[in-house]
Amino acid sequence: MQDIINIAALTIVAIFIYMIIMGHILKYKKKIGKMNPRGLIEWTSIEMSSELQQHGYFECGLETLKAIDSYIEKKRKVYDSASMLKDKDFILRCGSLAGQVIRYKKHWKWKFTEDKIPYLEKKGKIIYPFEIIKQRINGDIESLYGYFENTDKSPYSQ
């Protein structure tokens, strides 16, 4: 019995060490621009989710979009829209998380143009989450939650 406990403990420690090492490798790949587009979306959505949790937002599913809305509004009180739009990393994190939520909860699929520009596609309709984040920052879209709640019949999707 003790052998099984020791093996289980060593396995847990090995998995933990592996996750730490892979996290550092992915962070480095992102930094030097060598991460594939799909991996970049997944990684930055995790970063944004962690950032939201650090600021007290613990929503899941479509409710995550309300957290992103609140976070954008919080930032808009400190920064003007022009400076927020220059922060490409912020737009990448917000758009990645919003896109991942729609991907999982509304069953859209990530696709990429020849120039590796990501978009979501479902039944011939296309949504560009990063452009929608920019529109939200500008105030052209009042709520990400309201916008994405109706993505299947949204006037903004192509």
Extension gain, residue 73 back to residue 123 (0.36 nm per residue minus Cα-Cα distance, nm): 14.8 nm
What ranking do 36-46, 94-104, 127-137 get when scored by the average of other Cβ atoms within 10 Å per residue, highest first? 94-104, 127-137, 36-46
Simple spin-label estimate for residue 83 and residue 32 in nanometres, 7 Å along Cα-Cβ: 3.3
Want the number for residue 60 to residue 116: 0.36 nm per residue separation, take away the alpha-carbon distance, what's left? 17.3 nm
Specify which labelled value, from (i) 78, 18, 11; (ii) 32, 18, 17; (iii) 29, 20, 13, agrees with semi-axes √(5λ) of the Cα gyration tensor in Å derived from the coordinates of the model shown. (ii)
Over all directions, the average projected area of the alpha-carbon convex hull for region 101-151 comes to how many nm²? 3.8
Cα-Cα longer than 31 Å, checked against 27/125; 34/106; 75/105; 77/116; 75/123, kept in input order, equals 27/125; 77/116; 75/123
If you average the sequence gap of Cα pairs under 8 Å that are 6 or more apart and divide by the length of the chain, what percent do you get for the contact order? 21
Length gained, residue 138-residue 150, 0.36 nm per residue minus C-alpha separation, equals 2.3 nm
Classify region 1-77 from the C-alpha gyration tensor, please: rounded if a/c falls under 1.5, else prolate or oblate depending on whether a/b exceeds b/c. oblate
Helix runs (DSSP H) in the chain reaching 20 Å along axis by Cα, Kyte-Doolittle at least -1.0: 2-32, 37-54, 63-78, 88-106
Solvent-accessible area per residue for region 1-148 at a 1.4 Å probe radius, Å²? 62
Whole-percent carbon and sulfur share, accessible surface of region 15-107, 1.4 Å: 60
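The values are calculated or read from the model by the stated rules, or taken from the named source; none is laboratory data. From a predicted model like this one, the values you see are computed outputs, not experimental measurements. Ideal geometry is used to build each Cβ from the backbone, glycine not excepted, and the neighbour counts take in all protein chains shown. Surface accessibility is based on the protein's heavy atoms, side chains included, excluding ligands, DNA and RNA. Shrake-Rupley method; radii C 1.70, N 1.55, O 1.52, S 1.80 Å.
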